[in-house]
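Contents: one structure, followed by commentary.
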Amino acid sequence: MHKAMTRAEVALFAENLVKTNVVYGVVAKDKQFAWDRISDHKEMVLDYPTTISSPKKYFLPPTETLIEFKLAANPDPKFVNHSQEAILFGMHACDLYATKMLDHAFEDTNKDPNYLEKRKKAILIGVSCMPDPDCFCNKMSVDEEVHNEAKISKKEALYDIFFKNIGHKFLVSVGTKRGEELLAKYAKPAEATKEELDQLKVVEKKRVESFTNDMKLDVDQLVKLLPKTHKSPVWKENADKCFACGTCNLVCPTCYCFNISETVKLNLAEGSRDRDWDSCMLPQFAEVAGGENFREHVADRLRHRLMRKGLYIKEKFNMSGCTGCGRCYRNCTADISIVKMFNRLKEVSENE
Amino acid sequence: MSKPKIAFFDFTSCEGCQLEVLNQEPQDMIDLLNAVEIVNFREAISDKGQDYDIAFIEGSISRPADETRIKKIRRQAKLLVALGACACTGGLNAIKNKYSAEDYKNYVYKDKAHYERLDSYAARPVSAVVKVDFEIPGCPINRFEFLKVVKSLLLGVTPQLPEYPVCVECKMKDNVCLYQRGEVCMGPVTRAGCDAICPSFGEACTGCRGFVTHPNINAQKDVLAKHGLSAEDVMLNFTMFNNFSKEDTTR
Ligand code: SF4
Ligand code: SF4
Ligand code: SF4
Ligand code: SF4
């Protein structure tokens, strides 16, 4: 099932891809890492702890024009869709999981052509990782889904290709027909040897043992706990420290809310309908015409956000709404931790 | 529809916001001039038209004589828009409000401190003196936001300022947060709309656009202190652009 490639072979593979394809990957950004368009394969990193924002920004850009129109009797609307064939190289398991979750969201009811076309034309290449102290994907059923043997053998994996770092080499798992074709076109990998597969087991065991997070609940336990926590004092406790700045939503790989607005050009003759990332932590998110705000208090918004992550999405799409990527906590200026909040909700509910 | 006449007036300020108004892409400037008639703009034209519909006011009000002048403008203008930090919050000018007149005059003007024409009272935003229909905050203003506001006014729509803080725009640009580089930033409590320009260039937000409607001031103070700022430095962050308080007008 696994092929093996040396680091040099992977680098050559990346170089060939970048030469002839639109490739997005991870680049260093001021001691951190971010997803970006790759023009030189040497800039692309495969060993990175996490990225600031997630690769969702490729499929759902922070700001995107949907329609251009005229301010006239006949508005003559033009639908704008900048989808293209592209390769996302270097996705961690959590982000592959998140992408699957977003697929459900954008396929559900109103199919979203802008997201779905970009998605259809994108090849996802995963890469293994080592957890940092804030990662808790091990509790969020991410590996079970991403490295699901049945899906991989049916060529219906969440990735097209996945590179597993075993030190001196990468073992390569092919997850789809498309992945198989891409690999065959740009590389000639050997079959993995018995020693290499043994080494993979060692590395994977070490990875599992490297998680140091304190998350006390798994996906199923969250679904049981959260419905009992609507009136918990934990929301207010955290709201007092919270800026309602939305950072936790914006960097989250599974947050997909957006705001639609129409803008007219200064010539007052043309305009566009655009969408921007929105965030349920922001004060106006649940405000409606007339000024009524369904979630006026920060505590209400925090509760809603965590309900989405631990309950609603699971009920709706049978996937976890949280991948355990840890971005919301790492990027929160107020140091509000989703893990601590979940644990505290559990603790308070048990003492009731 | 005849073109609305617009006029610019400056009070205590550096006139940098008016420079930003002029600092447009050529096509935007052409479109702007097609849409409005500028009748009074000291930075750009020599006309001094006194017949205008929309008055843009730069600068804080910091002398009794300013009050008389701004009230006259208010009577003439159908709409009055405050332009920039000084006009919206008192801006940098209001820093002096925490010192005695003698102290700040000696500090700034040294041997000329006794000149009578340098007399001033507590600097205040335009809205402390007359009704302001709309504010375009920032030091300086964001020229795109200026165009947005003009468009809204032309279409008869109330312009909207973002209700969320600078962090939103900062994260949309995938910036490394200054706090994660061991620095501090006022972004979490400051009203967005500048496209997070300072953090995008690695500089802290100093709050020039004023606070969001519901800033979590206590949390911001805690976070600044946690990142090693002394109580005095915490206060400096809060008072750089946002020192004016209503009590200043009674002193
Ligand atoms: S990032 Fe932190 S401070 Fe900002 S809204 Fe989220 S929890 Fe609140
Ligand atoms: S809620 Fe936080 S930990 Fe969970 S997926 Fe979103 S950013 Fe990652
Ligand atoms: S750099 Fe400033 S504006 Fe940007 S996310 Fe950090 S605190 Fe917010
Ligand atoms: S980032 Fe802050 S200081 Fe800089 S322009 Fe924006 S509001 Fe002003």
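The values are calculated or read from the model by the stated rules, or taken from the named source; none is laboratory data. If you're wondering where the values come from, they're calculated on a predicted model, not measured in any experiment. Positions of Cβ are generated from backbone atoms using ideal geometry, with glycine treated the same way; all protein chains shown enter the neighbour counts. What goes into the accessible areas is simple: the full protein's heavy atoms, side chains included, and nothing from ligands, DNA or RNA. Shrake-Rupley method; radii C 1.70, N 1.55, O 1.52, S 1.80 Å.
If you bin the C-alpha pair distances of the protein assembly as shown every 20 Å from 0, what whole percents do you get?
17, 45, 29, 8, 0
Of A:Lys29/A:Lys177; A:Lys31/B:Lys171; A:Lys111/A:Lys139; A:Lys309/A:Lys346; A:Lys241/B:Lys226; A:Lys151/A:Lys224, which pairs sit farther than 23 Å apart, going by alpha carbon to alpha carbon?
A:Lys29/A:Lys177; A:Lys111/A:Lys139; A:Lys151/A:Lys224
Taking 35 Å as R0, compute the FRET efficiency from the Cβ-Cβ separation of A:Lys78 and B:Ala204 and round it to 0.05. Spell out each step's value before the answer.
Values: r = 41 Å, r/R0 = 1.18.
About 0.25, to the nearest 0.05.
Once each part is reduced to its C-alpha centroid, what is the distance from segment B:124-172 to segment A:213-264 in angstrom?
The distance from the Cα centre of segment B:124-172 to that of segment A:213-264 comes to 30 Å.
Are there any chymotrypsin sites (Phe, Trp or Tyr not before Pro) in segment B:73-180 that are in a DSSP loop and have at most 13 other Cβ atoms within 10 Å? List them by number. Could the numbers behind the result be given before it?
On the way: sites: B:Tyr99, B:Tyr104, B:Tyr107, B:Tyr109, B:Tyr115, B:Tyr121, B:Phe134, B:Phe144, B:Phe146, B:Tyr179; in loops: B:Tyr99, B:Tyr115, B:Tyr121.
Listed in order of number, the matching sites are B:Tyr99, B:Tyr115.
Please tell me the relative contact order of segment A:219-350 in percent, rounded to the nearest whole number, where contacts are Cα pairs under 8 Å and at least six residues apart. Please report the intermediate quantities before stating the final value.
Values: 154 pairs, mean separation 42.6, N = 132.
After rounding, I find 32 percent.
Just to confirm the filter: which GluC sites (Glu not before Pro) across segment A:1-86 are DSSP coil and have at most 11 other Cβ within 10 angstrom of their Cβ? Show your work: numbers first, answer last.
Working: sites: A:Glu9, A:Glu15, A:Glu43, A:Glu64, A:Glu68, A:Glu85; in loops: A:Glu85.
When the GluC sites (Glu not before Pro) of segment A:1-86 are filtered for loop state and at most 11 Cβ neighbours within 10 Å, A:Glu85 remain.
From the helices alone, meaning DSSP H stretches of at least four residues, give me the mean residue ellipticity at 222 nm for chain A, per-run term -39500 (n - 2.57), in deg cm²/dmol to the nearest 500. Before the final figure, lay out the partial values.
Working: 15 runs with 126 residues, N = 352.
Per the formula, -10000 deg cm²/dmol.
Where in segment A:149-170 is the amide nitrogen less than 18 Å from a point lying 7 Å along the Cα-to-Cβ axis of A:Glu180?
From segment A:149-170, the list is A:149-163.
So, with +1 on the Cβ of K and R and -1 on the Cβ of D and E, and no other charges, what is the size of the charge dipole of segment B:139-249 about its Cα centre, to the nearest 20 debye?
Numbers: 11 positive and 12 negative charges, 71 e Å.
The calculation lands at about 340 debye.
Using only protein heavy atoms and a 1.4 Å probe, report how much of B:Ile30 is accessible, in Å² to the nearest 10.
Counting only protein heavy atoms, B:Ile30 exposes about 90 Å² to solvent.
Can you pull the accessible area of A:Asp36 for me, 1.4 Å probe, Å² to the nearest 10?
Rounded to the nearest 10, that gives 80 Å².
Taking Cα centroids, how far is segment B:182-251 from segment B:42-120 in Å?
23 Å
Let me confirm one metric for peptide A:238-249, namely the mean number of other chain beta-carbon atoms within 10 Å of its residues' beta-carbons. Please list the in-between numbers first.
Working: counts 0, 2, 4, 5, 3, 13, 10, 13, 7, 8, 1, 2.
Taking all residues of A:238-249 together, the mean is 6.
Using a cut-off of under 13 Å, list every residue of segment A:274-294 whose amide N is near the label point 7 Å from the Cα of B:Leu155 along the Cα-to-beta-carbon line.
A:274
Under 30 Å from the Cα of B:Lys72, which lysines turn up, not counting those fewer than eight places away in the same chain?
B:Lys3, B:Lys5, B:Lys48, B:Lys96, B:Lys98, B:Lys105, B:Lys131, B:Lys148, B:Lys151, B:Lys246
What FRET efficiency do you get for B:Glu183 and B:Met235 if R0 is 22 Å and r is their Cβ-Cβ distance, rounded to the nearest 0.05? Intermediate values should be presented prior to the final figure.
Numbers: r = 18 Å, r/R0 = 0.81.
The formula returns an efficiency of 0.80 here.
Please find, in a Gaussian network model of chain A (springs between Cα atoms separated by less than 10 Å), the residue of A:Gly126, A:Gly271, A:Gly321 whose mean-square fluctuation is greatest.
Residue with maximal mean-square fluctuation among A:Gly126, A:Gly271, A:Gly321: A:Gly271.
Starting from the residue with the highest accessible area, list A:His104, A:His2 in decreasing order, probe 1.4 Å.
On the way: A:His104 60, A:His2 35 Å².
Solvent-accessible surface, decreasing: A:His104, A:His2.
First measure r as the distance between the Cβ atoms of B:Asp119 and B:Ser46, then evaluate 1/(1 + (r/R0)^6) with R0 = 25 Å and state the FRET efficiency to the nearest 0.05.
Numbers: r = 30 Å, r/R0 = 1.19.
Efficiency, rounded to the nearest 0.05: 0.25.
By DSSP, what percent of the beta bridges with both residues in the protein assembly as shown are antiparallel, rounded to the nearest 5? Intermediate results must be reported in sequence, preceding the final value.
Working: 41 of 67 bridges.
Counting only bridges with both partners in the protein assembly as shown, antiparallel ones make up about 60 percent.
Could you check the spin-label model distance between B:Asn218 and A:Glu64? Points 7 Å from the Cα along Cα→Cβ, value in nm.
A separation of 4.0 nm, rounded to one decimal place.
So, with +1 on the Cβ of K and R and -1 on the Cβ of D and E, and no other charges, what is the size of the charge dipole of the protein assembly as shown about its Cα centre, to the nearest 20 debye? Please report the intermediate quantities before stating the final value.
Working: 85 positive and 85 negative charges, 108 e Å.
It comes to approximately 520 debye.
Quickly estimate the mean residue ellipticity at 222 nm for chain B, helices only: each DSSP H run with n ≥ 4 gives -39500 (n - 2.57), and the total goes over all residues, rounded to 500.
The per-residue figure over chain B is -9500 deg cm²/dmol.
Any idea what the relative contact order of segment B:166-240 is, in percent, if you count C-alpha pairs under 8 Å spaced at least 6 apart? Please report the intermediate quantities before stating the final value.
Details: 93 pairs, mean separation 23.0, N = 75.
Computed value for segment B:166-240: 31 percent relative contact order.
With all protein chains present, how much of the accessible area of the protein assembly as shown (probe radius 1.4 Å) comes from carbon and sulfur, to the nearest whole percent? Please report the intermediate quantities before stating the final value.
Working: 15240 of 28570 Å².
Looking at the protein assembly as shown in its full context, I get 53 percent from C and S.
When DSSP beta bridges are limited to those with both residues in segment B:5-155, what percentage is antiparallel, rounded to the nearest 5? Walk me through the numbers before you get to the answer.
Values: 3 of 19 bridges.
Percentage antiparallel, nearest 5: 15.
As an exercise, identify the GluC sites (Glu not before Pro) in segment A:261-326 lying in DSSP coil whose Cβ has no more than 16 other Cβ atoms within 10 Å.
Numbers: sites: A:Glu262, A:Glu270, A:Glu287, A:Glu292, A:Glu296, A:Glu315; in loops: A:Glu292, A:Glu296.
For GluC sites (Glu not before Pro) across segment A:261-326 that sit outside H, G, I, E and B with at most 16 neighbouring Cβ atoms in 10 Å, the list reads A:Glu292, A:Glu296.
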